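*Asks:* Can you keep this structure in mind? I'll have questions shortly.
The values are calculated or read from the model by the stated rules, or taken from the named source; none is laboratory data. Computed from a prediction, not measured in an experiment: that's the story for all the values here. Just the protein is used for accessible areas: all its heavy atoms, side chains included, with ligands, DNA and RNA removed. Shrake-Rupley method; radii C 1.70, N 1.55, O 1.52, S 1.80 Å.
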Amino acid sequence: MKLVTALGLGTALAMPAFAGSPAPAPMEPTVAAPAPAPMMVARNWTGFYVGGQLGYADLGRDVSGDGALGGLHAGYLHDFGNGFAAGVDGSYNWGSSIDVSAGALELGSLSQVARLGVRAGVTTGDLFFYGTVGAARARVPALGNETGPYGGIGLEYALTDNWRLGGEILYHRFNNFAGNALGADASATTAQARVSFRF
């Protein structure tokens, strides 16, 4: 009996001690670490390429005319690896649907426009923004041939390592077209879409 009483008294004395002990700290919710941001893989733009282009041309100054202009192009682009690329580009275009006139005088169609120039600009991922300048040679059968400068801007998008899709807006100027007696000065603004294959 004394043993039972002693155990009961010990338990009663121990209860306040347990009751006053601090409560365990609440568990902090586990937060998953954020996934690393995907790294942009640098596109290598270096290589030779060939392709085709199709668009619209509008003639002005002493002559007038507008219509479809399309053809082929080829060139080489070098990627310097620091967000800059530059190269040479040449194209040959047919504009047989563009009827050229000077006032009431019909001069036939714009039979060809050939261009050779350079383009340079910045690369960012799959995009290439560039400016381009060079020389163009146009032919209108009634006026002959004339060479003049051109310049403009373009944008190219890399669909894959080999295929490129882009567009250009160019301005051409031809003074005193072929020294013709008409003294025809001509300008041409072209907007063309381009598809290229890089080797």
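*Asks:* Would you tell me the accessible area of residue 163, worked out with a 1.4 angstrom probe on the heavy atoms of the protein chains, in Å² to the nearest 10?
*Replies:* Near enough 120 Å² of accessible area.
*Asks:* For residue 62, what accessible surface area do you get with a 1.4 Å probe? Give it in Å², rounded to 10.
*Replies:* 80 Å²
*Asks:* Ordering 199, 128, 80 from largest to smallest accessible area (1.4 angstrom probe), what's the sequence?
*Replies:* Sorted descending by solvent-accessible area, the residues read 199, 80, 128.
*Asks:* Also, quick follow-up: Quick check: Cα centre of region 140-167 to Cα centre of region 69-131, how many Å?
*Replies:* 1 Å
*Asks:* In addition: Could you sort 168, 106 by accessible area so the largest value comes first, with the probe set to 1.4 Å?
*Replies:* 106, 168
*Asks:* Can you tell me the relative contact order of region 34-175? Whole percent, Cα pairs under 8 Å, sequence separation 6 or more.
*Replies:* Averaging sequence separation for qualifying contacts and normalising by length gives 16 percent for region 34-175.
*Asks:* Keeping all protein chains in position, work out how much accessible area residue 50 exposes to a 1.4 Å probe, and write it in Å² to the nearest 10.
*Replies:* Counting only protein heavy atoms, residue 50 exposes about 60 Å² to solvent.
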